[in-house]
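Notes follow once the structure below has been shown.
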Amino acid sequence: MNFSTSPEQDELVGTARRFGQEHLAPFYKQREREGAFDRATLRRMGELGFFGVELPEAYGGLGLDSVTAGLVLETLCAADYNIGQLMVTVSLAGTILATHGQPHVVEPWLKGILAGETIPAIALTEPGGGSDAANLVVRAQRAGDTYVLDGEKTSTSFATQAGVAVVWARTGPPGSGARGISAFLVPLDLPGVTTSEFEDLGGRSAGRGTLHLDGVTVPADHLLGAENQGFVQVMQGFDYSRALIGLQCLAVARQSLEETWASAAERRSFGKPLTAHQGVSFPLAEAETHVHACRLLCLNTLWLKDQGLPHTAEAAMCKWWGPKLAFEVVQNCLLINGHGAYTAEMPYEQRLRDVLGLQIGDGTAQIMKLVIARSKVGRDAVT
Ligand SMILES: Cc1cc2nc3c(=O)[nH]c(=O)nc-3n(C[C@H](O)[C@H](O)[C@H](O)COP(=O)(O)OP(=O)(O)OC[C@H]3O[C@@H](n4cnc5c(N)ncnc54)[C@H](O)[C@@H]3O)c2cc1C
């Protein structure tokens, strides 16, 4: 067992840290106000190789492992949590396209995504409910050399900023469940695509919204994986995004802890630094312990993926624990910083609203616990 990082990882993480401090952290609040990412920053991130660290070099990635991708992600998320939402979406959509797409179709899209030119979206959730994802009703009907898509996808991160989406649709008969679903690459400038945006509590620079698909025609070679296998094959990518999401949220918790240790050591009450009161320092010490343990779980899950070993249950553990823990830690840091942290002068209130979203996005804690329980006693024993 080796927990050390390589010189190559250290260099990449160092570059990410400097980039985050200079270009991301100062504009965390501004991006929320604008409700979007500025494209020049994304292109610079593309040039530095921050998108698709783990994706093949042929598509513009760095061709490194998932652990390294996680280390870069958490470093940048310490500066701006929301950039992580985009990085996770790039990693998830990019892995799906690179693994299941036809190279001549996906290559131009992947190159644009990894260069920071094109924002991708993942369109799975529907208005009828996201947890029971295999019950989706958006249809894709085969018509000659094309598929025609109709219906509505909702809660889609980057709905109004994205240039392309991975869309899951029913190709089997109604009621065909997980075995009648296919995944498609859908360029979002096609006729019949319209979008609208929600006013979310947090994560606003990701501009979450709805994709309306009205007779959208894509060539048949835009199918990802085999027909009717889109749920079974393509959903495996979520085991990866769930571990990354854990690191994304924990990065915010770790940054908040660092800042809070410093401010609590500086500020005084009753003639002593705040940290001299065990009511302040013990909860912070407990948070350090929990965050460290959860981070190791996330890195271990990415390591399992890199070894080609099963990691579905571990990924679900990262996904329910990481966002919940991060929310609790940021909340406690906010309280220890007093009223100042309840105002928009400090980043804690935004961090709190931001990390809350991933207790829902990519699957709720209840659904993650179903996944873990099924891995222990089988699918039929847990409903
Ligand atoms: C920040 C954020 C980002 C997102 N990004 C995307 C995206 O990019 N693409 C995309 O497709 N979707 C995205 N979503 C949607 C997200 O995946 C869904 O919101 C989520 O899966 C839950 O679906 P729902 O909101 O329809 O809730 P529902 O499925 O209606 O669930 C409502 C409640 O019931 C509980 N519940 C449901 N079934 C069970 C059960 N069997 N046992 C116990 N409890 C249960 C749930 O845990 C939840 O608390 C995002 C959501 C958020 C908040």
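Here are a few things to note about the model shown:
- Per-residue [θ]222 nm for the chain (sum of -39500 (n - 2.57) over DSSP H runs n ≥ 4, rounded to 500): -15500 deg cm²/dmol
- Under 16 Å from LYS305, Cα to Cα: lysines that are on another chain or at least 8 residues apart: LYS319
- Amide H contacts under 5 Å for ALA165, placed H, 5+ residues apart: ALA121, VAL186, LEU188
- Remark: for residue pairs LYS111/LYS324; LYS153/LYS369; LYS29/LYS369; LYS29/LYS324; LYS29/LYS153, the C-alpha separation exceeds 31 Å in LYS111/LYS324; LYS29/LYS369.
- Residues of type aspartates and glutamates that LYS376 reaches as a straight line, Cα spacing below 12 Å, ignoring anything fewer than 8 places off in the same chain: GLU314
- Fluctuation leader among LYS111, LYS319, LYS369 - the chain, Gaussian network, Cα springs under 10 angstrom: LYS369
- Degrees between helix 278-306 axis and first principal axis of the chain (Cα, 0 to 90, nearest 10): 30 degrees
- Inter-site label distance for GLU22 and GLU259 at 7 Å from Cα along Cβ, in nm: 2.2 nm
- In terms of its alpha-carbon gyration tensor, region 186-251 comes out oblate; a/c meets the 1.5 threshold, while b/c is at least as large as a/b.
- Simple label model, 7 Å out from Cα along Cβ direction - PHE282 to ALA143, nm: 6.8 nm
- Rounded percent of accessible protein surface that carbon and sulfur make up, the chain, 1.4 Å probe: 54 percent
- Accessible surface, 1.4 Å probe, highest first, among residues THR217, THR146: THR217, THR146
- Each other residue within a Cβ distance under 15 Å of THR194 adds +1 if Lys or Arg and -1 if Asp or Glu, for a net charge of -4.
- Counted residue by residue at 0.36 nm each, then reduced by the alpha carbon distance between them, the extension gain from LYS272 to HIS290 reaches 3.8 nm.
- Whole-angstrom gap from region 243-306 to region 49-114, using each part's C-alpha centre: 27 Å
- MET45, MET346, ranked by accessible area, largest first (probe 1.4 Å): MET346, MET45
- Phi to ³J(HN,Hα) by Karplus 6.51 cos²θ - 1.76 cosθ + 1.60 over region 233-247, Hz, x for Gly, Pro: 6, 6, 5, 4, x, 5, 4, 6, 4, 5, 5, 5, 4, x, 5
- A quarter of the convex hull surface defined by the alpha-carbon atoms of the chain gives 19.5 nm² as the mean projection.
The values are calculated or read from the model by the stated rules, or taken from the named source; none is laboratory data. Predicted model only: the values in this text are computed from it and were never measured. For neighbour counting, all protein chains shown are included, and Cβ atoms are generated from backbone atoms with ideal geometry for every residue, glycine included. Surface areas here come from the heavy atoms of the whole protein model, side chains and all, with no ligands, DNA or RNA. Shrake-Rupley method; radii C 1.70, N 1.55, O 1.52, S 1.80 Å.
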